[in-house]
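Q: Sharing a structure here in structure tokens format.
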Amino acid sequence: MHCIKSILAEASDALTLVSDSALLDAEILLCQALNQPRSHLRAWPDKPLQPEHLAAFRALLEQRQQGIPIAYITGNREFWSRDFQVSPDVLIPRPDTELLIELSLKLMPADEPVKIIDLGTGSGIIAITLAAERPHAQISATDFSLAALRIARLNADKHHINTIQFYQSNWFADVPATQFNLIISNPPYIAEDDSHLQQGDVRFEPQTALRAAEQGLGDIKIIADAARNYLEPRGHLLIEHGYDQQQQVQSLFKDLHYDNVQTYTDLSGQPRVTYGQFMSGYPV
């Protein structure tokens, strides 16, 4: 009978062609099949697997061998030390996006009723995290996808957040006229012909949340332009973008009369988020 240690070794070998973290993937999938934490695998390496657990594990393993991302197989992914439900209707949360949270928390005082909107919320990770970290904030979140909003609402319920106003909207199109202190977005920013769209996890993610016209800058331009009508004087705009788009995004912000424009780097040291402050007074 297969034991935990032997089945992990076998599965890790089977996943080396599709994953850069084959052993970790195997462990996560086995934990899913056993409904146990990873510490269980360490504590009981020689424990035999029951036939039903082995069958469940092999079914999960087959999905991963087809390239399906771990997060979609397990249905969850951690972000900012919280567990979020995900599905193929939403992007998989990535550590680089935590930079948006770090910058937002520095900009938004903890004890003031600031107004924040998260455009293109997807699974809701940004809006929900900010609502949890800034309980006095008034937060709105939009997505044009009803399926994505369903996941976002489930995650809000899961984390006992009931203060977010969710809107089905293509960016600002159906957002009530409001002035925000902070507008934040992780929009689509990959060029439509980028070869990376045919590689790895992104093959399985919603393409409308990844691809953007004008070499990946189309949606960023729409957001940055329209945001000026929704920002309080001295309001803040934060947009995540591609590692190679710093110069174009900074130029765009400056052309639209944002001040204090600067770009911040992600965990890998790549330019990832550009900030601008709109002082008002300029024609929009």
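The values are calculated or read from the model by the stated rules, or taken from the named source; none is laboratory data. No experiment lies behind these values; they were computed from the predicted model shown. When we count neighbours, we look across all protein chains shown, and the Cβ atoms used for this are built from the backbone with ideal geometry, even at glycine. Surface areas here come from the heavy atoms of the whole protein model, side chains and all, with no ligands, DNA or RNA. Shrake-Rupley method; radii C 1.70, N 1.55, O 1.52, S 1.80 Å.
Q: Using 7 Å Cα-to-Cβ label points, what is the Arg58/His160 separation (nm, one decimal)?
A: Computed distance between label sites Arg58 and His160 equals 4.3 nm.
Q: Heavy atoms of the protein only, probe of 1.4 Å, neighbouring chains included. What is the accessible area of Phe172 in Å², nearest 10?
A: 10 Å²
Q: Using a 1.4 Å probe over the heavy atoms of the protein chains, calculate the carbon and sulfur portion of the accessible area of region 1-157 as a whole percent. If you can, show how the numbers build up before the last one.
A: Working: 3780 of 7250 Å².
Whole-percent figure for carbon plus sulfur exposure: 52.
Q: What is region 167-277 by shape, rounded, prolate or oblate, if you read a ≥ b ≥ c off the alpha carbon gyration tensor as root eigenvalues and call it rounded for a/c under 1.5, prolate for a/b larger than b/c, and oblate otherwise? Working shown, then result.
A: Values: a/c = 2.09, a/b = 1.38, b/c = 1.51.
Judged from the Cα gyration tensor, region 167-277 comes out oblate (a/c at least 1.5, b/c at or above a/b).
Q: Please calculate how many Å² of accessible area the chain carries per residue, with a 1.4 Å probe and no DNA, RNA or ligand atoms counted.
A: Result: 48 Å² of accessible area for each residue.
Q: Still on this structure: Rounded to the nearest 500, what is the chain's calculated 222 nm mean residue ellipticity when only DSSP H runs of at least 4 contribute -39500 (n - 2.57) each, over all residues? Intermediate values should be presented prior to the final figure.
A: On the way: 10 runs with 103 residues, N = 284.
For the chain, the value works out to -11000 deg cm²/dmol.
Q: Moving to a separate point now. What angle do you read, to the nearest 10 degrees and between 0 and 90, between the alpha-carbon axis of helix 22-34 and the longest principal axis of the chain?
A: With rounding to tens, the tilt is 80 degrees.
Q: For the chain, take the longest principal axis of its alpha carbons; what is the angle in degrees between that and the long axis of helix 51-65, to the nearest 10 within 0 to 90?
A: Approximately 50 degrees, to the nearest ten.
Q: Can you give the local net charge around Asp143? Use residues other than it whose beta-carbon is closer than 14 angstrom to its beta-carbon, Lys and Arg +1, Asp and Glu -1.
A: -2
Q: Now for a different question. If I build a Gaussian network model for the chain, linking alpha-carbon pairs within less than 10 angstrom, which residue out of Ile28, Ile239, Ile183 has the largest mean-square fluctuation?
A: Of Ile28, Ile239, Ile183, the Gaussian network model singles out Ile28 as fluctuating most.
Q: Which residue fluctuates most in the GNM of the chain (Cα springs below 10 Å): Leu24, Leu149, Leu197?
A: Judging by the Gaussian network model, the answer is Leu24.
Q: For region 79-278, what does the alpha-carbon gyration tensor say about shape, rounded, prolate or oblate, given a ≥ b ≥ c as the root eigenvalues, a/c under 1.5 as rounded, and a/b over b/c as prolate?
A: Judged from the Cα gyration tensor, region 79-278 comes out rounded (a/c under 1.5).
Q: When we measure straight from the Cα of Lys254, which aspartates and glutamates land under 15 angstrom away, once same-chain ones fewer than 8 places off are left out?
A: Reachable aspartates and glutamates: Asp225.
Q: Using a 1.4 angstrom probe with every protein chain in place, what is the largest-first accessible-area order of Val273, Val202?
A: Most to least solvent-accessible, the answer reads Val202, Val273.
Q: Further question on the same structure: In degrees between 0 and 90, to the nearest 10, how far off the longest principal axis of the chain does helix 98-107 point, with axes built from Cα atoms?
A: So the inclination is approximately 40 degrees.
Q: So, in nm, how far is label Ala9 from label Leu267 when the simple model puts each one 7 Å beyond its Cα toward the Cβ?
A: Going by the 7 Å Cα→Cβ label model, 3.0 nm.
Q: While we're here: What does the net charge come to around Tyr264 if you take all other residues with beta carbon closer than 14 Å to its beta carbon, with K and R at +1 and D and E at -1?
A: Spelling it out: positives minus negatives among the neighbours equals -3.
Q: Net charge near Trp80, counting Lys/Arg +1 and Asp/Glu -1 over other residues with Cβ under 13 Å of its Cβ?
A: -2
Q: Just tell me which lysines come within less than 16 Å, Cα to Cα, of Lys106; anything on the same chain fewer than 8 places away is out.
A: Lys115
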